[in-house]
Amino acid sequence: MRKLLVLALVGLAAQLVDGSLGMAYGLTSSTLLLLVGVAPAAASASVHLAEIGTTLAAGVAHWRFGNVDWRVVTRIALPGAIGAFAGATLLSSISTESAAPWMAGILFTLGAFLLVRFARPLRTDRVGGRLRGRFLGPLGLVAGFVDATGGGGWGPVATPALLVSGRMEPRKVIGSVDTAEFVVAGAASVGFLIGLGTEGFLLPIVGALLVGGLIAAPLAAWLVRIVPAQLLGAAVGGVIVLTNARTLIRAAELDGPVPPVLYVLLAAGWVAALVLAVRALRRTRRDQAAAAAAAIAAATVGVSPAPEVVSAGLSSADTPAAH
């Protein structure tokens, strides 16, 4: 019972992170499950089965709030499902000993990506035009494959790529990626079912993660108002990097003074990322305050503010682009 409670808290924490960043439910859940000794394939299978419920709830909520671009969803979901099915089949076919460092390596890389991404201001400006299928298809395929083999990665791969394109509103990027993930999670679960059978799904873990995730869904909307996404992203990235570094160091059979030195270097990188995230957040808030003051002054005298001032006010690291 105590273990199920801990797993429910894992699901709750993962959904709080996902609801605040628009990514990292699978990334956080899989990392913590590996930490407590769950086999890689079973961890990914269980997380994806739980995600069917959490992504359905998230997708419905985004749809009701008008955050979904169905054209993007239809063009990214099917390739994502194909990639996820292939990734689940691959992960199911390799041994636990081989899968552990593979999965830890993917999670470590994605954690490092979160550190880099949230250590600097996020791009929020938009350019004209629509996203093409020849971009969305390969993106979905790669994101789905990484998601299934790494136990997470759909959001960290797909969301930044769409944000960087500058062709969608941040809220629609998050809503469309979350909605498409329902199809991806379902395809991955089918792949694990074929590869591992029903015993591959640890149903108590699935249930606990699902309950925790559903409880956290409304809380995430509150958390995002309290904790800046810039800081949360850097903090979570550091936890994921350090946790999975432990598995990689063991797999490489490093001993002596090397592991402590590596941990110190990684911790120093984490602290540096947090410092940069704080600086970026402060700079963004100063730009916002200056833009707001300029807009008020311009409205007072009846003059439109300069375009560069408006742009500075929109480049917020605390906008939905970071969520």
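With respect to Arg167, is the statement that it is more than 17 Å from Phe113 (Cβ to Cβ), modelled with pLDDT under 90, open to solvent by 10 Å² or more (accessible area, probe 1.4 Å) and in a helix (DSSP H, G or I) true?
no
When you check Arg120 against the structure, is it of a type in the set (Lys, Arg), open to solvent by 50 Å² or more (accessible area, probe 1.4 Å), over 29 Å from Phe201 (Cα atoms) and part of a helix (DSSP H, G or I), yes or no? Walk me through how you get there before you give the answer.
Numbers: of a type in the set (Lys, Arg): yes; open to solvent by 50 Å² or more (accessible area, probe 1.4 Å): yes; over 29 Å from Phe201 (Cα atoms): yes; part of a helix (DSSP H, G or I): no.
Judged against the criteria, Arg120 is not a match.
Given the criteria in a helix (DSSP H, G or I), modelled with pLDDT under 85, farther than 16 Å from Pro121 by Cα and among the hydrophobic types (A, V, I, L, M, F, W, C), does Ala290 qualify? It would help to see each step written out before you state the result.
Numbers: in a helix (DSSP H, G or I): yes; modelled with pLDDT under 85: no; farther than 16 Å from Pro121 by Cα: yes; among the hydrophobic types (A, V, I, L, M, F, W, C): yes.
Criteria not met by Ala290.
Can you pull out every residue in the range 101-114 that is farther than 11 Å from Val239 by Cα, of a type in the set (Gly, Ala, Ser) and buried (at least 21 other Cβ atoms within 10 Å of the Cβ)?
The answer is Ala104, and nothing else.
Can you tell me which of Ala235, Ala245 is at pLDDT 85 or above and part of a helix (DSSP H, G or I)? Spell out the reasoning first.
Numbers: Ala235 fails: at pLDDT 85 or above.
Result of the check over Ala235, Ala245: Ala245.
Which residue pairs have Cβ atoms closer than 7 Å, lie 6 or more positions apart in sequence or on different chains, and pair a first residue in the range 260-286 that is in contact (Cβ under 8 Å) with a residue 40 or more places away in the chain with a second residue that is open to solvent by 60 Å² or more (accessible area, probe 1.4 Å)?
So the pair list comes out as Leu276/Arg120; Ala280/Arg120.
Got at least one residue in the range 71-92 being within 27 Å of Gly238 (Cβ to Cβ), more than 18 Å from the chain's Cα centre (by Cα) and either among the acidic types (Asp, Glu) or open to solvent by 20 Å² or more (accessible area, probe 1.4 Å) (or both)?
Checked the range 71-92: no residue is within 27 Å of Gly238 (Cβ to Cβ), more than 18 Å from the chain's Cα centre (by Cα) and either among the acidic types (Asp, Glu) or open to solvent by 20 Å² or more (accessible area, probe 1.4 Å) (or both).
Assess whether Phe192 counts as being among the aromatic types (Phe, Trp, Tyr), at pLDDT 85 or above, over 30 Å from Val278 (Cα atoms) and in contact with a Gly (Cβ under 9 Å, 6 or more places away or on another chain). Even if it seems obvious, please write down each step before you answer.
On the way: among the aromatic types (Phe, Trp, Tyr): yes; at pLDDT 85 or above: yes; over 30 Å from Val278 (Cα atoms): yes; in contact with a Gly (Cβ under 9 Å, 6 or more places away or on another chain): yes.
Criteria met by Phe192.
Go through the range 123-151 and count every residue that is assigned to a loop (DSSP other than H, G, I, E, B), modelled with pLDDT of 80 or more and open to solvent by less than 30 Å² (accessible area, probe 1.4 Å).
Looking only at the range 123-151, we keep the residues that are assigned to a loop (DSSP other than H, G, I, E, B), and these are 123-132, 151.
Next cut, modelled with pLDDT of 80 or more only: 131-132, 151.
Still in the running and open to solvent by less than 30 Å² (accessible area, probe 1.4 Å): 131, 151.
Residues that pass the stated criteria total 2.
Is it true that some residue in the range 51-64 is open to solvent by 20 Å² or more (accessible area, probe 1.4 Å), touching a residue at least 40 places away in the same chain (Cβ under 8 Å) and over 16 Å from Gly155 (Cβ atoms)?
Keep residues of the range 51-64 that are open to solvent by 20 Å² or more (accessible area, probe 1.4 Å), which gives 52-53, 56-58, 60-64.
Now drop any that are not touching a residue at least 40 places away in the same chain (Cβ under 8 Å), which leaves 52-53, 56-58, 61-63.
Then keep just the ones that are over 16 Å from Gly155 (Cβ atoms); that gives 53, 63.
Scanning the range 51-64, I find at least one residue that is open to solvent by 20 Å² or more (accessible area, probe 1.4 Å), touching a residue at least 40 places away in the same chain (Cβ under 8 Å) and over 16 Å from Gly155 (Cβ atoms), so the answer is yes.
Looking at the range 185-205, I want the residues that are open to solvent by 40 Å² or more (accessible area, probe 1.4 Å) and have a partner that is part of a loop (DSSP other than H, G, I, E, B) with Cβ atoms under 8 Å, at least 6 apart or on another chain. Which pairs are those?
Close Cβ pairs (under 8 Å, with a partner that is part of a loop (DSSP other than H, G, I, E, B)) amount to Leu193/Phe201; Leu202/Val38.
For Ala45, are the conditions met, namely being surrounded by 24 or more Cβ atoms within 10 Å (Cβ to Cβ) and either more than 30 Å from Ser93 (Cβ to Cβ) or modelled with pLDDT under 85 (or both)? Can you show your working first?
On the way: surrounded by 24 or more Cβ atoms within 10 Å (Cβ to Cβ): yes; either more than 30 Å from Ser93 (Cβ to Cβ) or modelled with pLDDT under 85 (or both): no.
No, not satisfied.
Quick test for you: out of Ala251, Ala273, pick the one residue that is open to solvent by 40 Å² or more (accessible area, probe 1.4 Å) and within 21 Å of Gly152 (Cβ to Cβ).
Ala251
The values are calculated or read from the model by the stated rules, or taken from the named source; none is laboratory data. Everything numeric here is computed off the predicted structure, so don't read it as measured data. All Cβ positions, glycine included, derive from the backbone under ideal geometry; neighbour counts span all protein chains shown. The area values use the complete protein model at the heavy-atom level, side chains included, leaving out ligands, DNA and RNA. Shrake-Rupley method; radii C 1.70, N 1.55, O 1.52, S 1.80 Å.
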